[in-house]
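One structure is given here, and the rest of the page talks about it.
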Amino acid sequence: LLAIVNSPVGRRLELNFCQYVYKIFKVIGSFLLTGRTLGPEDGHSVLDVDRWAREQGQAELASAGMCIRLADLTRFFSLEKARATLVSDVKLDDALCLWVFLMQNFARPAHHEVDIDLYVTGVQDGAAAVCLAQHIGNAVFEAARADGRSLCKLNFRALASRRPARAAPRHEQDTYAPYRDNASGFPQADERLLYWQDLPKEARCADFVGVIAQFFNFEVVDDQGQISDELLDFIVPNANGILAFQSGFNTRVSSKLEETLWQRLSVKVEKAGAKMVFISNSFSFDKSSGKSGTAPPDAIFLQKLLERNQQLWSHLRDAGLKESGRFAVDQMAKWLSGTPMPGVDYSAGLGSGIAEIKGRYGFPEGSQQEVSEYLLKRFLSERNSSPEAWKSHSTFQPGNTSIMDPLRDRDRNLEATNPVLSACRNLAAA
């Protein structure tokens, strides 16, 4: 992993520390454990960071050892008694992360003892999120036990937040549905919750802290734009511990608060004698188009997960596809409803072009939410009315991408059977 460490050099940079983080991400652009070149447009490799730093006139960065593996930064997996905290909004990508992390811990020597807490954040239905997380934890235990090896003592629990999201995130409706349906055969949400904000200090001091959700926006910054130092303390690791951020969307905050927030957190981590690591997702973006990558529903890793637990991963895969669909129609609905966006002027040709598309396909007027719901309902209705046309183009065929990603669908003939797909291409052209 490419790590930007809260090193002595990083601490001396103080307010500019975050700027150097993003500069290095921009140049390197990916996580590589080898020294091979990233690509012709980059011209740099992991082993070239020293050269880049010298070119930028930052000689001290060149000797700071900024690019090293996570295993070089923490002894977490070698500690006989260890504690970890993960901050998550419990959706498909978080479920994958949690599964791998728990599996890695079960691979420890049998005499190890590990406590792992998952702090739920950014959702409305905290009880269902907790239930899903516990379902994953139990499934991992069963899968590890089925391997026939001696397991370490691992205690896993998920805790809800006392500050639920104002609006349910896109993934919640489909991902949490079976945990609220007594007929589904899934474990059911229990309203008797533990809250991570209620934990005493000694119960939340972790050797490893991983933040894979918008902890800052949902928990640390209040409605008046004030930063809570007390809540920042919940993600500060023990001495010699490590705080790892999945950076980008998850670490985005108001520009007015950015420098202050990162400075306060950096000081807290430094005082604790710990390190801070930023993990970028830039490697998952296609370099030619700049678009984020996708995983086909029949990817090999998903097939292996289905073999481990058919019920859990079949549901999560399908919920991920539905979330992808909702995301796609939400993006279309922004434009079709004329939602104000920075830099977008509907008064010129764009507005008339969108009006023509709406008239051609019979799309109604309405708010973004109303248009989005209409598009998804119509897409599914049209698809169900032409099952033969979709049979040979099933999203479960190798190489296909998301059902609601028409701009990447390799067979454009599907547009002839579904006007929502065709409208999406026309909208992109407009």
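The values are calculated or read from the model by the stated rules, or taken from the named source; none is laboratory data. Remember, it's a predicted structure, so these values are computed and weren't measured experimentally. All Cβ positions, even for glycine, are placed from backbone atoms using ideal geometry, and neighbour counts span all protein chains on display. Side chains are part of the model used for accessible areas, which takes the heavy atoms of the whole protein and leaves out ligands, DNA and RNA. Shrake-Rupley method; radii C 1.70, N 1.55, O 1.52, S 1.80 Å.
A few comments on the model shown:
- Under the convention that each Lys and Arg Cβ holds +1 and each Asp and Glu Cβ holds -1, the size of the dipole of region 113-155 around its Cα centre is about 140 debye.
- Listed pairs 91/275; 201/268; 81/153; 201/271; 91/256; 153/275 exceeding 19 Å between Cα atoms: 91/275; 91/256; 153/275
- Calculated over region 168-308: convex hull of Cα atoms, volume per residue (Å³): 194 Å³
- Hits among lysines - C-alpha to C-alpha of residue 358 under 19 Å, sequence gap 8 or more where chains match: 334, 377
- Length gained on full extension, residue 361 to residue 167: 66.8 nm, using 0.36 nm per residue less the C-alpha separation.
- Summary of the geometry: region 199-227 and region 365-386, compared by the centres of their Cα atoms, lie 38 Å apart.
- Area accessible to solvent at residue 93, 1.4 Å probe radius, in Å²: 70 Å²
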